[in-house]
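First comes the structure, then the notes that go with it.
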Amino acid sequence: MGLLFRRSAECIQASPTLDVLITLLTLGASGYRKLLAERKEMYTCLAQDLKRLAEAHGERLLHTPHNPISLAMSLDGLQAQKDKAVTQLGSMLFTRQLVTSPGVWLPDLTLRTRQGAVMSEPKTPPPTPAGDTYKGWVFKWTNYIKGYQRRWFVLSNGLLSYYRTQAEMGHTCRGTINLATATITVDDACNFVISNGGAQTYHLKASCEVERQRWITALELAKAKAARMQAESDDSGDDFPPNSPRGQVGGAQSLEVQSTLRTLGSKVDDLSTCNDLISKHGSALQRSLSELDSLRLTGEAGDKIRQVTERATLFRITSNAMINACRDFLALAQAHSKRWQKALQAERDQRVRLEETLEQLAKQHNHLERAFKSNNTADSKGSDTAKGEGSDEDDDNEFFDAMEEAPEFITVPADPQFHKRSSSNVSGFNSEFCPDDQSLDEQQLTINPESPQSQELEPVRKRRTQIPDKPNYSLNLWSIMKNCIGKELSKIPMPVNFNEPISMLQRLSEDLEYYELLDKAAKCQSSLEQLCYVAAFSVSSYSTTVHRTGKPFNPLLGETYELDRRRESGYRSLCEQVSHHPPAAAHHVFSDRGWILRQEIAVSSKFRGKYLSIMPLGTIHAIFEKSNNHYTWKKVTTTVHNIIVGKLWIDQSGDIDVVNHETGDRCHLKFAPYSYFSRDVARKVTGVVMDKDGKAHYVLSGTWDEKMEFSRVMQSSKGENGTEGKQKTVYQTLKAKELWRKNPLPEGAETMYFFTDLALTLNEPEEGVAPTDSRRRPDQRLMEEGQWDEANAEKQKLEEKQRIVRREREREAANQRTASESEEAVNEDSFTDPSLKSTHQDNYTAQWFKRCEDPATGEFTHIYKGGYWEAKEKGSWESCPEIY
């Protein structure tokens, strides 16, 4: 006996207790009682209908007293038939989406399950397909508070959209996923997930396994159809860009036609198959009817009638399939007709645009020919010495369009054997030539052979090449950062976990990593060539920061640092912390090779939550004794990104103007900020070296973390307008030569704070240094040795000691001001004395530097007053304060 079961209980799946509780709370006591009553009433109604159906076909209803939600009906009438009859019945039920597999019948009850509870929704229809559209209620995961919520989903044209209610379909869509690129996965009996690669993910739950299977089938079919349509063609005609060659467009159109013909051919095959099936089932139906006519009214009449009914049903299903195939064929033909019309119109428009473009190009070509002939005539009349020489511009010169970052100038290569000629006007561009360029060639910058320090001195001491590896200590970052937002960086009590084992004074001394650039600049005969080396030196100081995300130790007031490399490299460097709030350090370097470098840098920094901005304040001075050239420049802004989340990285951005106060020469350097959308080289630096009249002589280019190059300018022209309406300058230059290249990092630098060879030696202990030297700082030494907990404790002691000393100085300064105010006679000139105006609030005076007005810039700055190296030779440090 064949049994046809109805097992709605199988749809009820085990679910978390929390969801069951939420469901019961949502229903309430009255809602739950109503639910049970409705289920009982619907069960009784279903049982009555199945009983009438069974009696009409000579079957019987099977009762299941211990299962109040399951019904069964016998199929004894099919036993007389072949097994094919049972298979056909299951296929019919499966085609009508009443079962999940042939042979199992699951009628569509209005019973729903939600988190293990059975709910009745008689007013909610099941998901119903309407052509290519599929609609229905599905539970969608929202959040951990509300869990799954019922939403109205609509599947149409390869797009799955959902709404809170059916009334929202006309105005408010809550979300849409394109199934062409989506993935569909099944979690369990009722749950499934739809995702388009991470941007959108829907966690959905059907009311039962049957409904879930319906949705999965509809989604898979819609996805296949959407992917096929997307691969075949594009209704907007975007497959044919305007700049594609005509041959490529024709080939693409040919491929599209072939694809369309294949699709139409498959539809024709479907129609042919449907026709064969109709003929087959029609013949079977005719035979059944003939047999029915020949029968008498016997007991076999019922079986024959049922057989005829089945044949008629199969015939109707096949006819419907054929009708649907015809409808698809017609829709496809109409869609391609519209697309072909659009493609034809786009082709016509493109032809019109090409004709207009060709006309414009012809006019421009004619204009350029006339301009070239007139300029050629002017050149032949203006200079007889140009006969036989290549006076025209090199045909290989390459002109580039404006870049995304809107550079201020464009460089193009020039002929190495470029000779002087008169001014010309090519294509409306006014050109100018340097009067002293006729004898230049591609050679290195001229170096003066006369130098008392032309020979390098052999090093007399072997410096260390490594330090202890950085330990891997964990730290709760947020507990520290949440109290630091908006504060001055120098006022934040940072643990040593964020530091590197050198002080800011030592970091300032790292600017001498490439001191050779200043040595070469001191030997240059031309001030413009010298300016190139000074500009490269200003850029090289940033090369050590590309991987250095650690914060240097804030120097204590009065802290010093000396870097004596006179016997190895010919220079001596001294730094002193001359102010604490705001922090400021003075730096003085003297070289035996004819140059002096001095600066006072005050750092202004702000923590913005996501990044840290460091704005150096102050001016750097480079003075060359032989030529008396005095250069000044300022530093750019340093930004540390991803302070809270992500990997730290550093960027430099801003402009630098290197000015020669003796000759008026100037070099403008531009540090391009990093941009995710830029096609340009990262960390790019560009610059132009100009004389006092604004005429360009050299172009600098490179990156601040790798190298810098210079090119001699042979000709400058005004080019086309830029994005801001300003005319860009086009420089024709000789082949670029390398000015500076970054030294490779030592082996194992990633475990040694990414220190360079020079940085590894900065904190190396030395005998004879001042008691205030950074090498003697205990917390910094402990951190270098890997004892971070002890370093943190020692750091707090030093900072507290500094606060006590500062408060004592402030009290003494207040007493002195009170005493001075009680005096009756006050010199009127004292109110305008700059030295009195610059006195600090706590009356602190630097040990080795004096605050005065700089004659070149007019700024008040600290300049080295002498005495340190003499005190070192004598070993006399009595005047040094005790800060450690």
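For ARG712, ARG262, ARG306, what ranking results if the residue with the fewest other Cβ atoms within 10 Å of its Cβ goes first?
ARG262, ARG306, ARG712
Suppose R0 equals 60 Å; then what is the FRET efficiency for CYS852 and ALA371 from their Cβ-Cβ distance, rounded to the nearest 0.05?
With a Förster radius of 60 Å, E is 0.50.
Sorting GLU882, GLU59, GLU767, GLU529 on the 10 Å Cβ count, fewest up front, what's the list?
GLU767, GLU882, GLU59, GLU529
Can you list the residues, at least 5 places off or on another chain, whose amide H is less than 5 Å from the amide H of GLY654, using H built in the peptide plane?
PHE671
Note down the nm distance, to one decimal, between modelled labels 7 Å out along Cα→Cβ at LEU361 and at PHE498.
Between LEU361 and PHE498, the simple spin-label model gives 6.0 nm.
Determine by what factor the alpha-carbon radius of gyration of segment 510-553 differs from 2.2 N^0.38 Å, reporting the quotient.
1.39
What FRET efficiency do you get for LEU36 and LYS610 if R0 is 56 Å and r is their Cβ-Cβ distance, rounded to the nearest 0.05?
The value I calculate is 0.50.
Per residue and in cubic angstrom, what volume does the convex hull of the Cα atoms of segment 711-816 have?
342 Å³
I need the fraction of alpha carbon pairs in segment 727-782 separated by more than 15 Å, rounded to a whole percent.
Summing the P(r) tail past 15 Å for segment 727-782 gives 69 percent.
Using Cβ counts within 10 Å as a stand-in for footprinting exposure, how do GLU878, GLU766, GLU500, GLU513 rank, fewest first?
The most exposed by this proxy come first: GLU878, GLU766, GLU513, GLU500.
Which ³J(HN,Hα) values, rounded to whole Hz and listed in residue order, are derived for segment 875-884 from phi using the Karplus coefficients 6.51, -1.76 and 1.60 in 6.51 cos²θ - 1.76 cosθ + 1.60 with θ = phi - 60°, glycine and proline given as x?
Rounded to whole hertz, the list is x, 9, 10, 5, 7, 6, x, 9, 9, 9.
Give me, ordered by chain and number, the residues 5 or more places off TYR148 or on other chains with an amide H under 5 Å from its own placed amide H.
Residues meeting the criterion, in which the H sits 1.01 Å from N, are THR142.
If we sort 152-163, 567-578 on the protection proxy, mean other Cβ atoms within 10 Å, highest first, what's the order?
Packing proxy ranking, top to bottom: 567-578, 152-163.
May I ask which of LYS695/LYS718; LYS606/LYS647; LYS742/LYS865; LYS647/LYS670; LYS373/LYS695; LYS707/LYS735 have a Cα-Cα span longer than 22 Å here?
Those over the limit are LYS742/LYS865; LYS647/LYS670; LYS373/LYS695.
Express in nm, to one decimal, how much length is gained between ARG306 and GLU55 on full extension, taking 0.36 nm for each residue of separation and deducting their alpha carbon distance.
Stretched out fully, the ARG306 to GLU55 stretch lengthens by 89.0 nm.
Since every read-out is calculated from the coordinates, none of them should be taken as a lab result. None of these values were measured; they are calculated from a predicted model. Quick reminder, even Gly has a Cβ in these numbers, built from the backbone with ideal geometry, and neighbours come from all protein chains shown.
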